[in-house]
Amino acid sequence: MSSLIEQAAERLAKIRAAGIEVPVDEGLPGPAAATAAAVAAPVAPASAADVAEPVAMAAQDLPASAVSRLVELDLVKLASDNLLVPNLPRSNLADQFRVIKRPLLANVSGKGAGAVRHGNLIMVTSALPGEGKSFTAINLALSIAAELDHTVMLVDADVARPSVLRKLNLPPAPGLLDLLEGKAEMQDVLLRTNVDKFTLLPSGQPHPKATELLASDAMRQLLDAMASRYPDRIIIFDSPPLLLTTESRVLASQMGQVVMVVHAGKTLQADVQHALATIEVCPIRLMLLNQAQSTMGGGYGYGHRYGYGYGYGYGADAAAPAGAQGQDGAAEPR
């Protein structure tokens, strides 16, 4: 019995060292009081390895719907920015994202390319800035949130130049990097929204060792916990461009699926090939062609600015056929 108490006390001490508050009940009798006292006692600063398990436990054990903060999205403003908020009239843009998300969801359920570890962890990236990846990530997440059988979390993993909160007209907030450092608890960084089944995890405070944090055991265990906690949850990561930073390459190594956005007529083929080569470790790599000239009669117009073509491939054979083009051919800024 004493060894079990010691093990419990050691685990709780690590949780406390990671910055996760655990209430102490002074009225607890016997062994429970001893465990609580161990948590309350001073402990040495935790190492990166010590932080990893408590961070993962924080992600897995805390009921997000009960403890995370609620933020209100201005749905009217977001709709004017061509974001797929609920209750909009049916549109070509919404239909296009329905097509885009279907193979991704099939891969999650094992009905597409086959069963893949972390298939519900989907990274959206690009070779270079200005290709539309953040717009794609947000709309993909909103489109999946409209599914009857899935919930979605959108993670701003572009830790060098985060943009998700800005595009959603929300102020900066603690997030992923703060959690990995043990400076915040999950309920401090996870944001519920007034869009049903749509939550946000901001990038957090910029950090000079962001790449190392994303490559750490804490990140690996956090992703394991996020991937397995809810079987119906899809987690979308808006990541940095592949050819500008190393963070996205590190992140891709832990993803089940990667969607690479390519700007038609702008991104060089050599850059696309180079970017794909950096994420060969990911089992499923898919390509989405943005602003592509349609090969079908008429083409599809999306509002006033945006158009998305689509193409999917697996492994080294990933390729994107021509798709659709927006009415004015404008590029979506990163």
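Readers should treat all values here as calculations from the given coordinates under stated rules, not as data from a laboratory. Predicted model only: the values in this text are computed from it and were never measured. Here Cβ is always computed from backbone atoms with ideal geometry, including for glycine, and neighbour counts include all displayed protein chains.
Taking 0.36 nm per residue of sequence separation and removing the Cα-Cα distance, the L70/D95 pair yields an extension gain of 6.1 nm. The ranking of D178, D156 from fewest to most other beta carbons within 10 Å of each one's beta carbon is D178, D156. Summarising the amide proton neighbourhood of M123: residues at separation of 5 or more, or on other chains, whose placed amide H is nearer than 5 Å comprise F237, Q257, V258, V259. The lysines whose alpha-carbon is closer than 22 Å to the alpha-carbon of K167, local same-chain residues fewer than 8 away aside, are K77, K101, K133, K197.
Considering only I236, N290, T199, the residue lying farthest towards the positive end of the dipole of region 64-317 is N290, judged by Cα position with unit charges set on Cβ. Computed from backbone phi, the HN-Hα couplings of region 117-131 come to 5, 6, x, 8, 9, 10, 9, 10, 9, 7, 6, 9, x, x, 9 Hz, rounded to whole numbers (Karplus: 6.51 cos²θ - 1.76 cosθ + 1.60, θ = phi - 60°; Gly and Pro given as x).
Fewest first, what order do I279, I234 take by the number of other Cβ atoms within 10 Å?
Working: I279 20, I234 25.
In order of increasing Cβ crowding within 10 Å: I279, I234.
Using the Karplus relation 6.51 cos²θ - 1.76 cosθ + 1.60 with θ = phi - 60°, the per-residue 3J(HN,Hα) values for region 87-101 come to 6, 7, x, 4, 9, 5, 5, 4, 5, 5, 6, 5, 5, 5, 6 Hz, with x marking Gly and Pro.
Taking amide hydrogens as placed 1.01 Å from N in the peptide plane, the amide H of V71 sits under 5 Å from those of R192, T193, N194, each at least 5 positions away in sequence or on another chain.
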